[in-house]
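The values are calculated or read from the model by the stated rules, or taken from the named source; none is laboratory data. Just so you know, these numbers come straight off a predicted model, no measurement behind them. Note that each Cβ is placed from the backbone with ideal geometry, even for glycine, and that neighbours are counted across all protein chains shown. Just the protein is used for accessible areas: all its heavy atoms, side chains included, with ligands, DNA and RNA removed. Shrake-Rupley method; radii C 1.70, N 1.55, O 1.52, S 1.80 Å.
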Amino acid sequence: MRRIRTVLLGLLVLAGGAGHAATLRYASGFDPQTLDPHALALLYQTRVVTQVYEGLVNRAKDFKTLEPSLATRWEMVNPTTWRFTLRPNVKFHDGTSFTADDAVFSIERALQKTSQRANQMRGITGARKVDALTIEVLSAAPDAVLPEKLWPIAMMSKAWCEEHKVTLPQDYNAKQETYAVRHANGTGPFVLASYESDVRTVLKANPQWWGKGTPAGGGNLDEVQYIVIQSDATRLAALQSNQVDFVIDPPFQDLPRLKADPALKVVEIEDIGTQYLAFDQRRAELPGSGLPGQNPFKDLRVRKAIQLAVDTDLIVRQVLRGQGTATGSHVAPLVDGYLPAFEKRPKADPAAARALLKQAGYERGFAVSLDCVNASYRAAVCQAIAAMLEKVAIKVNFQPSPTSTFFPKLTQATSSFLEFGWSPGVDPWNILQSLVRTNDGLQAGAFNAGRYSNPKLDALIDAIRVEPDITRRRSLVADALKLMHEDLPLMPLYRRHHNWAMRPGVKVVQWPNDVLELRWVTMAGTPAR
């Protein structure tokens with residue numbers, strides 16, 4: 001308790017001025033890592049940078065609907081060209097005007113090799129200026145869902161990037177330090193006031209934001225203090241002692257107590273994303289396996305054996321305390337093209353798993369390292385998986401690590417065995433393109449952690465990207481999901497239930513991707529802005 005009290009005293013100092021009715025003190029266990037909006041495609045970063053930077057398009061409150069943001073309208077003018085009309089009179093936070101030059105520059109920047117956002121923009125070849133408030137986005141082939149690819153591609157000031165020598169995105173994996181890592185100049189509803197890595201980020205309401213008084217806004221916050229508190233116990237103690245107003249990641253085991261507390265409220269929604277296990281299917285020899293010249297994960301029977309050995313239903317019940325849904329589907333029901341037939345996963349059967357391993361020639365098992373994020377519930381899930389695999393003679397070396405170490409392992413495919421999650425939009429192409437398409441070192445398969453490669457699946461993913469007919473497109477998605485269900489490039493584990501805990505006077509719009517949109521947050525006693 002002494003440690004908790006000490007940290008809480010520190011929070012009081014960090015959250016100076018917290019008595020202001022329109023200041024939201026927002027706690028999470030994770031730091032955004034970088035403020036360069038193109039350098040990283042990570043949920044914990046998205047939660048912060050999308051409050052400061054905006055794209056041409058955004059999502060409505062229902063999350064399903066794409067809505068105007070810095071573009072007011074868009075249309076396909078020919079099979080390989082989309083035209084976007086830009087919103088007039090928009091200012092960057094430094095007071096300069098947002099123009100077509102900035103939009104073209106931003107799209108080109110997001111396409112660069114060090115941009116983790118380039119992956120979702122496959123097929124886009126560039127952009128060109130038509131006039132001061134009109135641009136055209138060009139594609140190599142007809143692209144029926146091109147506007148979806150531009151969410152959430154941030155628009156940056158060309159002049160600001162040139163002045164600060166950040167015309168290229170930060171190379172996050174190389175731990176490059178640039179001006180854009182700790183500074184920002186967007187057009188969004190909030191202005192960056194300060195960023196202290198792994199401590200806090202302070203945002204101030206943008207008085208010149210174009211969305212004030214429109215359906216795009218409606219919140220009443222003057223300031224947001226995003227406070228990083230890695231300890232679950234300390235984070236909850238801060239909430240219950242009125243040191244913070246909102247916790248986006250309360251631990252599962254404490255939810256019954258939080259829901260019963262009349263001084264708090266909890267809102268819940270099922271994740272649009274899914275947690276997976278990824279297998280190294282690139283290297284000829286699995287490091288540390290004790291099997292010279294062999295990689296068991298290349299054998300489908302081994303991947304299916306792991307699926308049978310891991311009791312995800314038990315993990316959801318005991319580790320997640322029921323706050324999840326075990327699944328055999330690679331995509332969630334909110335994703336267009338979801339197939340209910342794949343939802344039910346095979347019942348855990350260690351004996352059948354051992355039989356498959358024996359058929360594959362691994363009766364005596366093998367050893368492998370399992371990489372996981374060191375978040376408490378993620379680490380607990382991985383420990384449970386390790387114990388279950390031990391029962392079928394697969395010896396797992398559990399390796400938890402902070403996000404700054406973990407995510408480069410994912411994108412660079414240096415892990416042998418890895419647990420991770422992915423939160424897409426509603427269109428299925430992005431998740432297929434990102435996670436299972438063959439990695440080409442540029443845009444495709446940027447998050448293909450095991451470097452799985454299947455030419456038949458690649459062809460389906462590429463066909464989905466350009467197919468304009470929705471019925472035919474859904475048929476192609478079904479074919480791709482069926483192939484993934486059969487070949488297990490990734491093993492689906494579960495979908496989380498997102499629970500956000502807050503003070504009763506805080507009102508939010510809860511999106512299924514676990515991002516709090518600050519533009520809609522209201523706090524009781526303060527008028528809307």
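Which shape class, rounded, prolate or oblate, goes with the stretch 161-269 when its Cα gyration tensor gives a ≥ b ≥ c as root eigenvalues, a/c under 1.5 marks rounded, and past that a/b bigger than b/c marks prolate? Oblate.
The calculated FRET efficiency for the pair residue 485 and residue 175, based on their C-beta separation and a Förster distance of 35 Å, comes to about 0.40.
Give me the net charge of residue 404's neighbourhood, meaning all other residues with Cβ under 10 Å from the Cβ of residue 404; Lys, Arg count +1, Asp, Glu -1. Every neighbour counted, the sum reads -1.
Each Lys and Arg adds +1 at its Cβ and each Asp and Glu adds -1 at its Cβ; summed about the Cα centre, the stretch 457-529 shows a dipole of about 640 debye. Between the stretch 335-357 and the stretch 20-73, the C-alpha centres lie 35 angstrom from each other. Rolling a 1.4 Å probe over the protein heavy atoms of the chain, with every protein chain left in place, gives an accessible area that is 53 percent carbon and sulfur. Accessible surface of residue 212, taken over heavy atoms with a 1.4 Å probe and every protein chain present, rounds to 90 Å². Here the chain is treated with +1 on each Lys and Arg Cβ and -1 on each Asp and Glu Cβ, and its dipole about the Cα centre works out to around 880 debye. In this simple spin-label model, placing a label point 7 Å from the Cα along the Cα-to-Cβ direction at both residue 197 and residue 314 gives a separation of 4.1 nm. Only helical runs count toward this figure. For the chain, summing -39,500 (n - 2.57) over DSSP H runs of n ≥ 4 and dividing by all residues gives -8000 deg cm²/dmol at 222 nm.
Heavy-atom accessible surface of the stretch 360-478, averaged per residue, reaches 36 Å², computed with a 1.4 Å probe. Placing a label point 7 Å from the Cα of residue 67 along the Cα-to-Cβ direction, the residues of the stretch 188-219 with a backbone N closer than 15 Å are 189, 210-219. Once backbone amide H atoms are built at 1.01 Å from N, residue 55 has 70, 155 as its partners under 5 Å, excluding neighbours fewer than 5 places away on the same chain.
In the complete set of protein chains, residue-level accessible area for residue 244 is approximately 0 Å², probe 1.4 angstrom.
You can think of it this way: the chain between residue 391 and residue 134 has 86.4 nm of extra reach, that is 0.36 nm per residue less the Cα-Cα gap.
Of the residues 76, 134, 120, the one whose Cα sits farthest toward the positive end of the charge dipole of the chain, with +1 on the Cβ of Lys and Arg and -1 on the Cβ of Asp and Glu, is 120. Computed from the C-beta positions of residue 471 and residue 241, the FRET efficiency with R₀ = 60 Å rounds to 0.60. Remark: for residue pairs 175/395; 298/456; 64/91; 304/391; 113/175, the C-alpha separation exceeds 23 Å in 175/395; 64/91.
A dipole drawn for the chain from +1 and -1 charges on Cβ atoms has a positive end, and of 312, 400, 330 the residue lying farthest that way is 312. For the chain, give me every cysteine whose Cβ has no other Cys Cβ within less than 4.7 Å, ordered by residue number. Within the chain, the cysteines lacking a partner Cβ under 4.7 Å are 161. Under 5 Å between amide hydrogens, built in the peptide plane, is the criterion, and for residue 418 it picks out 278, 371 among residues at least 5 positions away or on other chains. Students often get this wrong: which residues of the stretch 364-388 have the backbone nitrogen under 16 Å from the point 7 angstrom along Cα-to-C-beta of residue 414? Residues 369-373 fall inside that zone.
With a cut-off of 12 Å between beta carbons, the residues surrounding residue 169 carry a summed charge of 0, where Lys and Arg count +1 and Asp and Glu -1.
Inter-part distance, the stretch 360-387 to the stretch 169-194, computed on C-alpha centroids, equals 35 Å.
The label point for residue 336 and the one for residue 259, both projected 7 Å from the Cα toward the Cβ, are 3.4 nm apart.
From most to least packed by mean Cβ count within 10 Å, the peptides 320-332, 355-367 give 320-332, 355-367.
Kindly identify the stretch 335-435 as rounded, prolate or oblate by the Cα gyration tensor criterion: order the square roots of the eigenvalues as a ≥ b ≥ c, call it rounded if a/c is under 1.5, otherwise compare a/b with b/c, prolate if a/b is larger, else oblate. Numbers along the way, then the final one.
On the way: a/c = 1.98, a/b = 1.23, b/c = 1.62.
Judged from the Cα gyration tensor, the stretch 335-435 comes out oblate (a/c at least 1.5, b/c at or above a/b).
Let a ≥ b ≥ c be the square roots of the eigenvalues of the Cα gyration tensor of the stretch 69-138; is it rounded (a/c under 1.5), or, if not, prolate (a/b larger than b/c) or oblate? In terms of gyration-tensor shape, oblate.
In this structure, the amide hydrogen of residue 327, modeled 1.01 Å from its nitrogen in the peptide plane, lies closer than 5 angstrom to those of 494, 495, counting only residues at least 5 positions away or on a different chain. Once the chain from residue 267 to residue 343 is taken as fully extended at 0.36 nm per residue, the excess over their C-alpha distance is 24.9 nm.
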